[in-house]
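These notes are about the structure you will find just below.
Every number here is computed from the coordinates shown, using simple stated rules; none is lab data. Everything quoted here is computed from the prediction, not taken from an experiment. All Cβ positions, glycine included, derive from the backbone under ideal geometry; neighbour counts span all protein chains shown.
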Amino acid sequence: MAQIEFTHIDNESFISDVKSLAKKVENSNEYPDFVVGVGRGGLVPAVYLSHCLNVPMLSVDHSSKVFDFADELLLKLAQLTIAGRKLLFVDDINDSGGTIAYLRQMMDKNGAVTQNVRFAVLLDNIRSKARVDITARSIDRDVDKSWLIFPWEAMGSQDTINEEANSIPERLA
C-alpha cells in the first residue's frame, strides 16, 4: 500500500475560499434564493456562504449512504425550482464527480428547472466527470494525489482519516 500524503486545509484558506465563492455569486446574475449544503462535507461551507450572502440555507444528506434518504428532500428541492426559486448547492470538493452527478440526475428526474440549479465547491478537480458552476480553486488529480483534510475533518481521529483515505485507493493512485 502506498504512503498517503495528507494536505491540511487551514481555517484561513477555508475562509478565503468561501469569500471567493461569495464574490463570484455576487458578481453573477444568478443570485440564489437558497444555499443548499450537501452533507456531510458541504454543510460547513454552506453555512458560511449562507451568512456571507445573507441567503437562507437548506441541506440534503448524500454522505450517509442510507438508501433513498436524500431522495424525498431532492424532490422538495426540485419543486422549489419549478416554483421559480433558485438553488445553489454547495459541497467542499468536486473530486470524482459522483456526488454532483447524482444530485444533478435526481434533480432532473424530479423535474427541476435546470437553469434554477447551480453547484459551487471550494475545490474542483479539473479531471472530475461532473462540472460545477462556481469554484474557489481548482486542482488536478493527475498531479495532486494528496488526501485533503478540511478543518472540520481534522476534528476526527487520525485512524478515521486514514480509514477514509484508504477506502478510496483509486483517488490516491
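Observations on the model:
- A Cβ-based charge dipole, computed about the Cα centre of the chain with Lys and Arg at +1 and Asp and Glu at -1, lands at about 620 debye.
- Kirkwood Rh in Å, taken over the range 9-68 so that all alpha-carbon pairs contribute: 12.2
- Isotropically averaged projected area of the chain, using the convex hull of Cα atoms (one quarter of hull area), nm²: 9.8
- Applying 0.36 nm per residue to the separation of L75 and Q3 and subtracting their alpha-carbon distance, the gain on full extension is 21.7 nm.
- Lysine pairs in the chain with Cα atoms under 21 Å, if 8 or more residues apart or on separate chains: 11
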